[in-house]
Ligand code: ADP
C-alpha cells in the first residue's frame, strides 16, 4: 500500500473495556508491517496534551491480547475539550511527527477525534465500551466480555438462591443502555429484566413470582440496568419482599464487569476493527469510526454516528440534521428502528420464557 504516513499514534480514552488491548496489538502490527511507525499515547487525550508518548514495537504488544484493561491506560480529560488543550495536543503531534491517530473509546472519544481531524490531524475511531451504546455499531469492543462476566456472576448467584429459596436482584452497568441487562437476563433465565428503553411492569413481575413460588420454584434472578438508578434497583428489593414474601438480596457487580480476560468474540472483533482502522487511515480516510453493521466491519463518518446517536436517544437539537441528505436521514431512522425493534423483541422473549 502506498501511503504518505510515516508514523501513527494510538490511544485509549474514556471508560476502559476488555478487548482494547487487542485493538492496540492489531493496529501496531498492521501498521508496522506496512512500514509505518507506531507510538502509544499514554492516558488518552491527556497523554497527548502532556506529551506522554511511547514508541511501540511488535514485541511490546506481544501477549497483551489476553489482558483486560488497557495497556496504554485511559483517562478523562476536560482540558482537551478547550481550544488551548487542543492546540497543546496538536503541538505534541507535530513534535513527534505523528501523522494520524487511532482513538479507541466511546462517543466522547469520537468527538475528540473529530475535533482533531478538522484541525488537520487525521483520526479514526474504534469502539471500546462495554455498554454497547454506540448506535452506529451493532456491537462494541468489550461488550461480549462484560456480558459473559455478568452471566458467570449470575450463575453463581443462582446456585445460592436455589439452596436458600431466595431471589437476587442484580444491577448491571451499561450507563443509559440496557443491552447488557437484557442479554444477560435472557442468558440467566431471569424472571424479570428492567431497562430504561421499555416501561417496566412491576406488578406483572410480582404476580409472576407469586405464581412461580406457588408452583414450587425456589430461585429467582431479576436483572436491572443501571440507567434506571440506584433508587429503582435497590427499591425493587424491598418491593419484591413486600409483595411476594420471597427473601431478596441485592448485588451490584459494578466495575468488576469492566475488567477480566477478553472473550474470543471481543478479541477477534477488536483485531478486525484495528486492522480496518489502519487500512482506512493509511489510505487517507479521516474523521470516521469503524463499526459493525450486520456482521460487516465498515466505516461511518463520526458526524453521522454522533447525530444518529442523538436521534436514537431522542436528544436531537433543532439544527442537528442540517447538512445531511434525505437518504442519510432515512438511513439514520432505519438504524434507530432496527435497534428499538431488537429491544422490543428481546423483551418479549425474556418475558415469554422467564420461568
Ligand atoms: P467515552 O469515550 O467512553 O464516551 P468520555 O465521554 O469520558 O468517554 O470521553 C472521553 C474523552 O474524550 C474526554 O475525557 C475528553 O478528553 C474527550 N472528549 C469528550 N467529549 C469531547 C468533545 N465534545 N470535544 C473534544 N473532546 C471530547
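At a glance:
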{"quantity": "Strands (runs of 3 or more DSSP E) (entirely within region 163-281) containing at least 3 residues that are free of Cβ contacts under 8 Å to residues at least 60 places away in the same chain", "calculated": "220-225"}
{"quantity": "Criterion (surrounded by 16 or more Cβ atoms within 10 Å (Cβ to Cβ) and at pLDDT 95 or above) met by exactly one of 245, 259, 229, 216", "calculated": "259"}
{"quantity": "Test: residue in region 292-305 that is surrounded by fewer than 20 Cβ atoms within 10 Å (Cβ to Cβ), outside any helix (DSSP H, G or I), more than 24 Å from the chain's Cα centre (by Cα) and not assigned by TED's automatic domain parsing to the domain that holds residue 175", "calculated": "no"}
{"quantity": "Output for region 127-142, where each listed residue is under 13 Å from residue 289 (Cα atoms) and within 11 Å of the ligand (Cβ to nearest atom)", "calculated": "127, 128, 134, 140"}
{"quantity": "Any chance residue 144 is assigned to a helix (DSSP H, G or I), at pLDDT 95 or above and more than 21 Å from residue 16 (Cβ to Cβ)", "calculated": "no"}
{"quantity": "Region 324-343: number of residues that are in contact (Cβ under 8 Å) with a residue 12 or more places away in the chain and surrounded by fewer than 11 Cβ atoms within 10 Å (Cβ to Cβ)", "calculated": "0"}
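Yes/no matrix, rows are residues, columns are (1) surrounded by 14 or more Cβ atoms within 10 Å (Cβ to Cβ); (2) within 25 Å of residue 266 (Cβ to Cβ):
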site: 30; (1), (2): yes, yes
site: 33; (1), (2): no, yes
site: 50; (1), (2): yes, no
site: 61; (1), (2): yes, yes
site: 70; (1), (2): yes, yes
site: 74; (1), (2): yes, yes
site: 92; (1), (2): yes, no
site: 104; (1), (2): yes, yes
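The values are calculated or read from the model by the stated rules, or taken from the named source; none is laboratory data. Here the structure is a predicted model, which means the values were calculated and not measured. All Cβ positions, glycine included, derive from the backbone under ideal geometry; neighbour counts span all protein chains shown.
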